[in-house]
Each structure stands twice: as structure tokens, then as C-alpha cells.
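The next block holds one structure in the form of C-alpha cells; read it before the comments.
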């Protein structure tokens, strides 16, 4: 499955406004599929930075690498699922999104990366 | 077997992946066939784990069966998928009320009222819960003045009385310093190390959600093979980390973190 197919699977979930693949270490976009109004470069940089901090926090708390992160806000969510080779699958959703389904698709898709 | 149940059973047999299980389980529940309803609903939840309707239906059936812990889990799962689902908020509010936590019940029912202002049962339930909350503050009937209140002193920790209060909660200030709580990792207290990593996380989350047009942030849930971490901001300058293993579903960790966050906010206010 190529990158486009993986992003397709995530963006087909109701309420997902866009998905992108990010190089977590430098926060750069590898591939993206976004609706108008979602700033891919900003999402990549912010997700990369946030994930780095949460990975360090999890490590200090005695946890292994996170498998999924859900940042919930008033007007939607940012979701992230780390894959191999320092890749990070990120999605931005509206508040009425099916987060449960997006989570399952993202964890599965992230496992197929690399 | 009634005609509607027979027809729905045939439909579900023909199309096992259809959503007919919702109607069939509800029809069985209404007829009091709770075991059959539960079996159908569980099958639906298994096929559609991301469908809040399925979890909500299972919760109502389990509640009817008297399995309140199971109902709580199922409603929590529905709220994780749809945080403003009125039926689930009502259900969780009812369970908190039964467990004697009127404040948490009130909070959930108020959110249910926001989510569904047309449901006439919610104001009635709210009034009942508010009466319970006020009960301790009613003036003494014989006219004698109540004894002067003791000077209010904040408790030593905000998490007394909360499930697992002694462990797995960490309240951190904006500079990454521990305010309260403890967290153990590999048999050692890891609270200060974790707190240091959380310095400024609230500002970073706020910046991320602002730039992405998502508005103010509420929580960050982090899943790993070792358990769940849940971050919330009791106040603008503090972050509360709740850590639990997989024995507690993530949605329930979220509810627990919500209670702990309210307690932490009250504790901080009492500290001045």
C-alpha cells in the first residue's frame, strides 16, 4: 500500500479534514492530503514537536513509545500515530469526527508504513 | 417471537455487517429479552467499535440488567467517540449519582442539558441532584444558629477520595515543578522527572490548536503498550497527568482525569 492509499484510508473517515505523513524528527511534510484551510506545514511542525515531548514524557513515566495520541480541542482534534523510520501519521478532524474509527485506521495504517 | 423481531433477525442474518443489530437489540430490550439483546449489541460493538450508538445501546441494556460497572464502561466508550452525546452523559450522571458523587453527576447532567435542551427528563434529574448537593447546606430547622464553620484548610493532596488517589496523578506547574501527586516507574518515584518534561506543554498544546484553528485545548490522551497517560489543564498555568494501566479503558481514564482535574482546580483555589 503506497502513501497515497494510506492517507486515503484516513481521510475517508467521517469528520477527518486532512491527513499527512510527517518526518517526526524535523517536522517536515512527507506526503499530505488536506482540505482547504488546514495548514500542512504548521500541522507537521506542531505534531512533530508535540510528539517528541510526549515520547520523552512517556519514557520518563516508564512507558514504551506511544502508539496513538489524541489532542482534543473545542473545534476538533489533532490525532497522531507513529510509524517506523521516524514517520508520523497525523490527522486533523472536526469536532463531530468519528475519532474511534480514525484511531483504528491510523494505527493500522501507521503499522504499514516503511 | 414478534413480527418485527423476526424480520430484523432475518435481515441481520442476511446482512451480518448491516446496522440492523441496533434496531434488533433495541426491540429485544423493549420486550425485556435482555440476554438476547445484550448478545446482539455486543456483536454489533465488536463489528463497529467506532460507532457511539452501539456502545450507548449496550450501556442501556447492561444498565437494565443491573451491570452498572459494565454500563459505565460502555457509556464511557460512547463519550470517548462522541463527547456531547446526551444519552451517555445522562447515563454516566445517573451512575455517579447512584455512587454518591452528586457533584460529578451534576456536571454530567449539565452537559447533557447543553447537548439536548429539548429532553424534558434532564431538568427534572438536574433538580433532584441539585437538591442533593444543597442538602448539607439547609439551615437548621429549630432556628438555632449553626456552629461556626471551622477554618477551611486545603487537604494535603487534591486527589483524596478519587479512585487510586495515592498514585498515578501528577499536578505540575508551568515551570515543570511538581505541585502534588506521585508517579512511579520501575519501582522508583518518577514524578520530578516526568514533571520536568511537562514544562510548557500547556502553552505548546494551546499554540498548536490555535494555529490549526481548533480553539482552546481540553486534553491529550497518550496510548502505549504499557498503559494510558492523560493530560488536562486544571488551570491555565498547570497540567495534570493521570497515568493508568490497561486494566482501565482509556475512556474511563478520561473521566477519572476529569474528576481529578476538578479536584485539583478546587485545591489550587483553596491554596490561594
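The set of residues in the stretch B:170-186 that are within 12 Å of chain A (Cβ to nearest Cβ) and in contact with a helix residue (DSSP H, G or I) (Cβ under 6 Å, 6 or more places away or on another chain) comprises B:170, B:172, B:176, B:182, B:183. Selection of the stretch B:233-245 for residues being more than 13 Å from residue B:168 (Cβ to Cβ) and surrounded by fewer than 24 Cβ atoms within 10 Å (Cβ to Cβ) yields B:233, B:234, B:235, B:236, B:237, B:238.
Can you tell me which of B:49, B:16 is part of a loop (DSSP other than H, G, I, E, B) and within 23 Å of residue A:107 (Cα to Cα)? Lay out the reasoning, then the answer.
Values: B:16 fails: within 23 Å of residue A:107 (Cα to Cα).
Result of the check over B:49, B:16: B:49.
If you go through the stretch B:191-242 and keep only what is within 7 Å of chain A (Cβ to nearest Cβ) and in a loop (DSSP other than H, G, I, E, B), you end up with B:198, B:212, B:213, B:214, B:215, B:216, B:225, B:226.
Candidates B:88, B:7, B:41: the one that is free of Cβ contacts under 8 Å to residues at least 24 places away in the same chain and under 21 Å from residue A:99 (Cα atoms) is B:41.
With respect to residue B:147, is the statement that it is more than 10 Å from chain A (Cβ to nearest Cβ) and modelled with pLDDT under 75 true? Here the answer is yes, as residue B:147 does meet what is asked. The single condition from (1) farther than 15 Å from residue A:113 by Cα; (2) in contact (Cβ under 8 Å) with a residue 60 or more places away in the chain that residue A:87 fails is (1).
The values are calculated or read from the model by the stated rules, or taken from the named source; none is laboratory data. Fair warning: this is a prediction, and the values are worked out from it, not measured in the lab. So basically every Cβ, Gly included, is an ideal-geometry build from the backbone, and we count neighbours across all protein chains shown.
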